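Data block below; observations after.
The values are calculated or read from the model by the stated rules, or taken from the named source; none is laboratory data. None of the values given here were measured: they were computed from a predicted structure. Cβ placement follows ideal geometry from the backbone for every residue including glycine, while neighbour counts extend to all protein chains displayed.
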Amino acid sequence: MPFASPLSSLLAIGLIAFVWIVLSWEIVFIFLTIMRKIPGKLLKDHFKEEKYRKLISSKPAWLMHILFIFVIICLFWGYLVEPYRLHIERIQVETKKIAAGSTVRIVHLTDSHSVGRVRNEAKVTELVTSLNPDIVVFTGDVLSAPEGLPMFKEMMKPLSAQGGIFGVKGNWDEWYWNEMDLFGGTPIKELKSDHVNVTIRNQTISVIGIGFGREMLLEESIEGIHEEQYKILLYHKPDEIKNARDLGIDLYLTGHTHGGQIRLPFYGAMMTLSDYGKKYESGLFREGDTTMYVSRGIGTEDDGLLRARFLCPPEITYIEIIGTG
């Protein structure tokens, strides 16, 4: 499992060791308590020795009980609560390429990782509809299991936007589900390595989409776009930020990192799966004249520890592009 940095690896090992020690102590405590109470003179007398009594009633033992309760609460929160606490993150971006007084509203969705059971899909449909966006974009990783495709399509089918709904495929989509019709039956227009011009209230912007693994086609995909036209790039990973900056992209919308899913206080993500490690783990970034937003995504990978979120709730991103020109 690749981590964001060597320090992240050490912190992850330390966290796992901490949880293991706390849980192991509680098992030992329960064992000693039971052994002191079961019938049988030999066992009873042995486990009633003073050293065992002091062990299970000492201050360190009670501290371990408190830590055990804390661990159980964190596990409960991380697996059963936070993955379903869908947030709306609201950001504003100003540009002179759109007339003053004009605003273009975009909803950014990513990393649904749908499986064969409902998670946040119904909430997404309701919240996106309530936001009434001009454009909806999806930046990849539709599924974690093929059984999730109906869930994803039910989420997307009711959505509408004046300027259109656009999507690109992520690494999971290309690696595992490339033979499946992921966007068929939904209003999503897939962009593989091309662009569309969208006019919203007399303001024209270009939406550029690059499917995962086609990043070498980015420069080709923007051919024909006027230099003064506002350009939005959809790509699954944040790793193309330098190229986006050099090619004059105004807004780069991406996901993939999930914000780390498991975040530590004062440190943040331990794992991002980005070439840049923690540098672009989630949130708003600026590189030259290019603004990039890295979303924490809607879902989680459906694999053991990776089903959890901690200090990293799922999100829908609502972006207002405000004209100052």
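Annotations
- For the stretch 154-168, the set of residues classified as assigned to a loop (DSSP other than H, G, I, E, B) and closer than 19 Å to residue 106 by Cβ consists of 158, 159, 160, 161, 162, 163, 164, 168, listed by residue number.
- Selection from the stretch 240-255 of residues that are farther than 12 Å from residue 287 by Cβ and either modelled with pLDDT under 95 or not β-branched (Val, Ile, Thr) (or both): 253, 255
- Residue list for the stretch 87-119, restricted to those being under 22 Å from residue 188 (Cα atoms), in a loop (DSSP other than H, G, I, E, B) and modelled with pLDDT of 95 or more: 110, 111, 112, 113
- Residue check for residue 180: surrounded by 13 or more Cβ atoms within 10 Å (Cβ to Cβ), of a type in the set (A, V, I, L, M, F, W, C) and assigned to a helix (DSSP H, G or I): no
- Here residue 302 meets each of (1) over 18 Å from residue 124 (Cβ atoms); (2) modelled with pLDDT under 95 with one exception, condition (1).
- Set side by side, the residues 244, 308 differ, and just one is buried (at least 21 other Cβ atoms within 10 Å of the Cβ), in contact (Cβ under 8 Å) with a residue 40 or more places away in the chain and not charged (D, E, K, R), which is 244.
- Residue 241 vs. criteria within 18 Å of residue 315 (Cα to Cα) and aliphatic (A, V, I, L, M): no
- Neighbours by Cβ (under 8 Å, 6+ apart or cross-chain): first from the stretch 136-160, closer than 18 Å to residue 254 by Cα; second surrounded by fewer than 20 Cβ atoms within 10 Å (Cβ to Cβ) and among the polar types (S, T, N, Q): 140/171; 141/171
- Residue within the stretch 101-117 that is in contact (Cβ under 8 Å) with a residue 40 or more places away in the chain, surrounded by fewer than 13 Cβ atoms within 10 Å (Cβ to Cβ) and not basic (Lys, Arg) present: yes
- Within the option set 223, 228, being assigned to a loop (DSSP other than H, G, I, E, B), over 22 Å from residue 258 (Cα atoms), touching a residue at least 40 places away in the same chain (Cβ under 8 Å) and assigned by TED's automatic domain parsing to the domain that holds residue 95 holds for one residue only, 228.
- Every condition in (1) in contact with a strand residue (DSSP E or B) (Cβ under 6 Å, 6 or more places away or on another chain); (2) over 16 Å from residue 119 (Cα atoms) holds for residue 296 except the one numbered (2).
- Residues of the stretch 1-49 that turn out to be of a type in the set (Asp, Glu), at pLDDT below 70 and in a helix (DSSP H, G or I), as a count: 1
- Selection count where residues are free of Cβ contacts under 8 Å to residues at least 24 places away in the same chain and touching a strand residue (DSSP E or B) at 6+ places or on another chain (Cβ under 8 Å), scope the stretch 262-282: 0
- Residues of the stretch 108-135 that turn out to be in contact with a strand residue (DSSP E or B) (Cβ under 6 Å, 6 or more places away or on another chain) and not hydrophobic (A, V, I, L, M, F, W, C), as a count: 4
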